[in-house]
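**Q** Below is the structure I would like to discuss, written out as structure tokens.
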Amino acid sequence: MAELQTLFFLGKGGTGKSTASALLSLVLMEKGKKVLLASFDDAHNQSDIFEADFSDKACSIGPCLEVLQVDRDKEIKKYLKKTAQNVKNSYAYLTAFNLDNYFDILKYSPGMEEYALVTAFMNLQTRYKDYDYLIIDMPPTALSLRFFNLPALSLTWIDQLEKLRMEIYKRKEIISKIKFAGKEFERDKVLSRIREIKSEYQTLKDVFEDHEKSNLFVVFNRDVLSVAETGRILDQLNSLNIKIKGLICNDRMQKVPKQKNTENRFLSIPIQNIPFSSSPLIGMSALNHHISSYDLTFDKIFQKN
């Protein structure tokens, strides 16, 4: 069985990444691939495109295509609940306190949105591991980049926490391991949890950097602002050692002054064009008509299967 491939669609707001991800989902469905299209964008654009009310429960809209809308607030609550339980398990003496009130305010903390989306992503990868493709319609640029940066940033902090915990060991002369029946068991639950989290984020970082498992597509329009932001996205992803699979140029207007030297600026990156549509690409009929009218296969950026 082929391993699940994850396809991320990101780009400047309004460029058409939701439309592009919807079109590719239908193309893959027609090839008989099992696909989950997950929207991480609170704008609920996929619901508008497919004219359906999507929720965090996957909805089948074709022979082998399901769509869901990630509920970011619900994911934050789940993440905080799990974190609170881990704290209680590690610090038994805190069970006398009501931690729920303290964790409730954390949902407004900076960084909580990307933590929630990363948690949702890891859960989807596990739940749909038997599918062929997981296609993710990402939120606007700033949050998307924080999402991809989270593993590396978290590992930096976790490394320091691990060192600090080891120093506490030395200064208090705590015996970190006890022997029982010839086996060694970790005694410090906090250190065990730190190392568990470290392993999780290292795995996630490896997934983002694995160009066979994770494919990133940046959607843009041929105008000055869109091309400029696309360049910044590529630079920031490159600093994270994350390469993109290809660019998708969505022609949103029939006649528009095009940014000069677009092809030269992105010379080494395959570019797939989505032709202009005179009618809104809303509903299955309109989407399928656009695909068939222009023989839209995405082969320029996506190898045939």
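**Q** Give segment 202-211 a look and list any residue that's free of Cβ contacts under 8 Å to residues at least 40 places away in the same chain and not β-branched (Val, Ile, Thr), or say none. Spell out how you get there, then give the answer.
**A** Within segment 202-211, the subset free of Cβ contacts under 8 Å to residues at least 40 places away in the same chain is 203, 206, 209-211.
Matches in segment 202-211: ASP206, GLU209, ASP210, HIS211.
**Q** Report, ordered by the first and then the second residue, all pairs with beta carbons closer than 8 Å, sequence separation of six or more or different chains, a first member in segment 260-285 that is farther than 15 Å from LEU247 by Cβ and at pLDDT below 95, and a second member that is of a type in the set (S, T, N, Q) and assigned to a loop (DSSP other than H, G, I, E, B).
**A** So the pair list comes out as PHE276/GLN254; SER278/GLN254.
**Q** Is there any pair linking a residue in segment 21-39 that is under 16 Å from LEU124 (Cβ atoms) and in a loop (DSSP other than H, G, I, E, B) to one that is among the hydroxyl-bearing types (Ser, Thr, Tyr) and at pLDDT 95 or above, with Cβ under 9 Å and at least six apart or on different chains, and which?
**A** That search, which allows pairs on different chains as well, returns LYS34/TYR128; LYS34/TYR131; LYS34/TYR133.
**Q** Tell me, please, whether a residue that is at pLDDT 90 or above, in contact with a Phe, Trp or Tyr (Cβ under 8 Å, 6 or more places away or on another chain) and either among the β-branched types (Val, Ile, Thr) or closer than 30 Å to LYS12 by Cα (or both) can be found in segment 155-176.
**A** yes
**Q** Related question: I'm checking my understanding of the structure. Among residues of segment 35-65 that are among the charged types (D, E, K, R) and under 19 Å from the mean Cα position of the chain (by Cα), which one is modelled with the lowest pLDDT? Steps first, answer last, please.
**A** Taking segment 35-65 and keeping what is among the charged types (D, E, K, R), we get 41-42, 48, 51, 53, 56-57.
The next check asks that each one be under 19 Å from the mean Cα position of the chain (by Cα); those that pass are 41-42, 56-57.
Details: ASP41: 94, ASP42: 91, ASP56: 94, LYS57: 95.
This residue is ASP42.
The values are calculated or read from the model by the stated rules, or taken from the named source; none is laboratory data. All values reported here derive from a predicted model rather than from experimental measurement. Neighbour counts run over all protein chains shown; Cβ positions are idealised from the backbone, glycine included.
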